[in-house]
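Colleague: Below is one structure. I have some questions about it.
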Amino acid sequence: MEASGTPSDSGRVADLRRTRSHRLPDADALALHTEYRNTGDARIRDRLVIAYAGIVKHIVYRKVRELPAWCEVDDLLSCGVEALIGAVDRFDPERGATFEQYAWTRVHGAVLDELRRQDWAPRPLRRWERDIAKAREQFSSIHHRPPTDDELADAMGIDREHLDRLLQDLQASELTSLNSLVLDEENSHVERIETLLSQASDLDPEAATARVEAKEKFRRAFGRLTQRERELAVLLYVKNLTLREIGDVLGVSESRVCRLHARLKQRLRDSLHADAALFREAV
């Protein structure tokens, strides 16, 4: 991308002015570049690169707080330096821009291209990400608190299901170390692994409580069975005997064992019917 004239972006001009003290004067840079074009001396090119390397750091690090978690700063610095070297080789002073302006344009464009290259999420999803962030910011400025998901969906003019899909897609697009620092719900910095929900049910306090309650209810229902039904259950489910073996122990026929078994299951179902949801959660 060629530069033609002074950049119109006022922020970029201000950045150039703030960092000018670390650069060569434009006349000196032009003289060095002219000498490099005439001689092809790599040492002169290296002097220009070293003199303007601060542009690369400035462009990358001024945006470091905005960078996605998956982005590697070192990669951006490397591509910025490569763009700076390319700027030395391609700069044409007859186009009207100073070398500093041209190098800034080349490096800034290269950094943005590298960000897009590293990002595997589609661009429409990134636009939704910006819309979500903007809606959150506007809601917070008005109500002085973060919005709930329902309020956020309403502010964006979409339904909650659509918002949930977008948030899931955005979360899936973030490839990063589990040890990287992120903000939790209280705006404190924690490692990302601390924000992930565990899939292990034995570590879930609610699931553990449900299991304890379900076991207690089952014990009470089991205690209401007859002595023979309880004995049948122990022989079948604890000692793992066959129906014929249980018939021999109880002194009844195999068909009688089947009827007893069917009756005890029905009695348990009737006793525990009101707690069906609890048992599904416990399982």
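Colleague: Just one of (1) on the phi > 0 side of the Ramachandran plot; (2) at pLDDT 90 or above trips up Gly96, so point out which.
Modeller: Checking Gly96 against (1) on the phi > 0 side of the Ramachandran plot; (2) at pLDDT 90 or above, the one that fails is (2).
Colleague: If you don't mind, there's one more thing I want to ask. With respect to Leu236, is the statement that it is more than 52 Å from the chain's Cα centre (by Cα) and of a type in the set (A, V, I, L, M) true?
Modeller: So Leu236 does not fit the description; no.
Colleague: Six or more apart or on different chains, Cβ under 6 Å: which pairs go from a residue in region 128-157 that's at pLDDT below 90 to one that's exposed (fewer than 10 other Cβ atoms within 10 Å of the Cβ)? Could you list them?
Modeller: none
Colleague: Next question, about the same structure. Can you tell which of Ala214, Ala221, Ala233, Ala210 is in a helix (DSSP H, G or I) and more than 17 Å from Arg267 (Cα to Cα)? Show your work before the answer.
Modeller: Details: Ala214 fails: more than 17 Å from Arg267 (Cα to Cα); Ala221 fails: more than 17 Å from Arg267 (Cα to Cα); Ala233 fails: more than 17 Å from Arg267 (Cα to Cα).
After ruling out the rest, the residue left standing is Ala210.
Colleague: Within region 147-158, work out how many residues are surrounded by 11 or more Cβ atoms within 10 Å (Cβ to Cβ), under 29 Å from Arg116 (Cα atoms) and not β-branched (Val, Ile, Thr).
Modeller: Of the residues in region 147-158, 5 are surrounded by 11 or more Cβ atoms within 10 Å (Cβ to Cβ), under 29 Å from Arg116 (Cα atoms) and not β-branched (Val, Ile, Thr).
The values are calculated or read from the model by the stated rules, or taken from the named source; none is laboratory data. Note that the coordinates shown come from a computational prediction; the quantities given were computed from them, not determined experimentally. Quick reminder, even Gly has a Cβ in these numbers, built from the backbone with ideal geometry, and neighbours come from all protein chains shown.
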